[in-house]
Amino acid sequence: MLDVALVSLIQDMSEKAGVEGTIQYWARVGESLAKRMGKEAYMGWPSFNVALREGRTAFSIEGSVTALTDLAITDVDGDVVGYIYALETCVFNPTIVRIRYSVGELPRADSAVAEEYNNSVRDTAVCNFCVIHQRFREEVAKNISIADQALDCVQLANRGFTGDTKIAEDSLKKIGINPEYVRSLLRNYACVYAILMRGARLKGEEEEDE
Amino acid sequence: MAERRKGLIADNPFVDVAACLFLEDIADKQGASGMNNYLVSLATSLAKSMPEEEYATWDDFLESLVLGNSIISAFEDVITITPHCAITTECPFTKGWQEYTKRIGTFSKIHTDVAEYYNSVYKPGTINSMCIIHQTFRNAAAERIKIAGKILKIAQIAAVWEDGTRRISPDEWLPVLLEKAQISSTDLNMILRNNADVWVMYTE
């Protein structure tokens, strides 16, 4: 109910404060949630991946997340500096269905907010809810350390309720993953992102610099 | 159909927890009154965004209510034990609250403080911030429903929160409300053992 109530405010808010205002609002909600969930520390990637599987990390609040351990991200020296993770179902899917059967349709501002986010922040939103998700994950990553190293979360790909997709090709290039492979992951997952050591020297970045 | 209904009632713990924390931030800056204003406008805006309803008879309305077709029961499982007494079997915020206690800790005191503010300024019937949303929504939704040409009215009788905290209408109001609801105070106590909310529905 609270989710549908918040969404019903989006149209009004976008008309009064502009779609930029709604982006800031969702970003603040995501940021606030992540900050309040506290810090986490893990000995290494295996312990983090187990915590994720068991729903103990802040990332797990979004639902069932799978660590794709066959997709390790390595740095220029070949050391594992991160993994790719996939969220099975977007946490907002049930909300969208609830809106359909209670209010009738998503507010028009939904696509306007996503479009503005894609133009002004980064081209990774399929609907307005992506703003809260992506900001939340970025903030959560800042609160987690693995082997005393801070983390970064990078959005890679997502699929919306109506099947539209976004693939962050630049980010995929940096971590050396084929966009077509990630596209195939979207058949079974709603959102794909990378969690990696902050400041890691990635192969793709080195090649870009050269 | 049952699956769809279940999906409609279920909440979104991710958003519920995020929204609770966001509300706490609002309260830090604007106090309980600011938080209360936000909750009231949130619930009113939701009700206003939903379609209006008209029923020829009280029985038609009751059928729609119990089947979950009415906007009043869109987000909660409602049963009736008399034609005028409605019961919400489970609070729609239960899952969100459970997720909050699991991920964040004990529910911030501001959620009960704002309810005290609401009880003193509006009507004494809420236990915490979630009740404000719930009860405001119900009242605003009722204004969108006509039965035999008359606008539906709703009054809160009692609520029980997940931790067992109860809020029953003041002693001076209770006999009138129970009479309208066609239940006794013993019935009320029995209902409160395993339900979340009791309210009375009528037209004038």
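At a 1.4 Å probe radius, carbon and sulfur cover how many percent of the accessible area of the protein assembly as shown?
Numbers: 8790 of 18220 Å².
With neighbouring chains kept in place, the figure for the protein assembly as shown is 48 percent.
Connecting C-alpha atoms closer than 10 Å in a GNM of chain B, tell me which of B:ASN128, B:ASN189, B:ASN139 has the biggest fluctuation.
Top of the fluctuation ranking is B:ASN189.
Give me the percent relative contact order of chain B, please, defined on Cα pairs under 8 angstrom at least 6 residues apart. Let's see the in-between values first.
Numbers: 317 pairs, mean separation 52.1, N = 204.
Once normalised by length, the contact order is 26 percent.
Kindly give the semi-axes, whole Å and largest first, of the ellipsoid equivalent to the protein assembly as shown, taking each as the square root of 5 times a Cα gyration tensor eigenvalue.
Values: eigenvalues 398, 95, 66 Å².
One finds semi-axes of 45, 22, 18 Å for the protein assembly as shown.
Can you tell me what percent of all Cα-Cα pairs in chain B are more than 27 Å apart? Write out the running numbers ahead of the final one.
Details: 5783 of 20706 pairs.
Result for the distance tail: 28 percent.
If you keep only loop residues by DSSP, which trypsin sites (Lys or Arg not before Pro) in the stretch B:87-183 have at most 12 other Cβ atoms within 10 Å of their Cβ?
On the way: sites: B:LYS95, B:LYS102, B:ARG103, B:LYS109, B:ARG138, B:ARG144, B:LYS146, B:LYS150, B:LYS153, B:ARG166, B:ARG167, B:LYS180; in loops: B:LYS109, B:ARG144.
In loop regions of the stretch B:87-183 (DSSP not H, G, I, E or B), the sparsely surrounded trypsin sites (Lys or Arg not before Pro) are B:LYS109.
What does the structure give for A:30-39 when I average, per residue, the other chain Cβ atoms found within 10 Å of the residue Cβ? Don't skip to the answer; put the middle values down first.
Details: counts 3, 4, 8, 10, 2, 2, 12, 5, 3, 0.
Mean number of neighbouring Cβ atoms from other chains: 5.
Let me know the mean shielding of B:33-45 by other chains, meaning the per-residue number of their Cβ atoms within 10 Å of its Cβ.
Numbers: counts 0, 0, 0, 0, 0, 1, 2, 0, 3, 5, 4, 2, 7.
Partner Cβ neighbours, averaged per residue: 2.
Run the helix sum for the protein assembly as shown: -39,500 (n - 2.57) per DSSP H stretch of 4+ residues, divided by residue count, reported at 222 nm to the nearest 500 deg cm²/dmol. Could the numbers behind the result be given before it?
Values: 16 runs with 208 residues, N = 414.
Dividing the helical sum by the residues of the protein assembly as shown leaves -16000 deg cm²/dmol.
With the solvent-accessible surface defined on protein heavy atoms using a 1.4 Å probe, which residues belonging to the stretch A:73-102 display a reduction of at least 10 Å² in accessible area in the multichain context relative to the isolated chain?
By number: A:VAL91, A:PHE92, A:ARG98, A:TYR101, A:SER102.
Return the whole-Å distance between the Cα centroid of the stretch B:15-54 and the Cα centroid of the stretch B:56-98.
21
What residues of the stretch A:49-77 lie in the reach of a label at A:GLU88, counting those whose backbone N is under 13 Å from a point 7 Å from the Cα along Cα→Cβ?
A:53-55, A:62-67
Share of antiparallel DSSP beta bridges in the stretch B:1-155, in percent to the nearest 5? Please list the in-between numbers first.
Values: 6 of 9 bridges.
Of the beta bridges lying entirely in the stretch B:1-155, close to 65 percent run antiparallel.
If you keep only loop residues by DSSP, which GluC sites (Glu not before Pro) in the stretch A:103-167 have at most 10 other Cβ atoms within 10 Å of their Cβ? It would help to have the intermediate numbers written out before the result.
Numbers: sites: A:GLU105, A:GLU115, A:GLU116, A:GLU138, A:GLU139; in loops: A:GLU105.
For GluC sites (Glu not before Pro) across the stretch A:103-167 that sit outside H, G, I, E and B with at most 10 neighbouring Cβ atoms in 10 Å, the list reads A:GLU105.
Scanning chain B for helices, which whole DSSP H stretches are 27 Å or more long along the axis (Cα) and average 0.0 or more by Kyte-Doolittle? Provide the component values of the computation, followed by the final result.
Working: long enough: B:13-48 (28 Å, 0.49).
Once both thresholds are applied, what remains is B:13-48.
Student exercise: in chain A, how many lysine pairs 8 or more apart or on different chains have Cα atoms under 13 Å apart? Intermediate values should be presented prior to the final figure.
Details: A:LYS35/A:LYS142; A:LYS39/A:LYS142; A:LYS173/A:LYS203; A:LYS174/A:LYS203.
Close lysine pairs under the 13 Å cut-off: 4.
Write down the accessible area per residue of the protein assembly as shown in Å², having rolled a 1.4 Å probe over the full set of protein chains.
Details: 18220 Å² over 414 residues.
Per-residue value: 44 Å².
Using a basic spin-label model with each label point 7 Å from the Cα along Cα→Cβ, how many nm lie between B:ASP60 and A:ARG28?
Modelled inter-label distance: 4.5 nm.
Mind giving me the FRET efficiency for B:LYS153 and A:ASP148? R0 is 60 Å, r the Cβ-Cβ distance, nearest 0.05 is fine. Before the final figure, lay out the partial values.
Details: r = 62 Å, r/R0 = 1.03.
So, using R0 = 60 Å, E works out to roughly 0.45.
Reported to two decimal places, what Rg/Rh ratio describes the stretch B:28-114 when computed on Cα atoms with Rh from the Kirkwood expression? Could you put the intermediate results ahead of the total?
Details: Rg = 16.7 Å, Rh = 15.7 Å.
Reported Rg/Rh (Cα atoms, Kirkwood Rh): 1.07.
For the pair B:GLU116/A:ARG183, report the inter-label distance in nm, with labels modelled 7 Å from Cα in the Cβ direction.
In this crude spin-label approximation the distance works out to 6.0 nm.
For chain A, just run the numbers: alpha carbon Rg, then divide by 2.2 N^0.38 Å, N being how many residues it has.
Values: Rg = 17.3 Å, N = 210, 2.2 N^0.38 = 16.8 Å.
Working it through for chain A, the quotient is 1.03.
The values are calculated or read from the model by the stated rules, or taken from the named source; none is laboratory data. Computed from a prediction, not measured in an experiment: that's the story for all the values here. Positions of Cβ are generated from backbone atoms using ideal geometry, with glycine treated the same way; all protein chains shown enter the neighbour counts. Please note that ligands, DNA and RNA were not included when accessible areas were found on the heavy atoms of the full protein model with its side chains. Shrake-Rupley method; radii C 1.70, N 1.55, O 1.52, S 1.80 Å.
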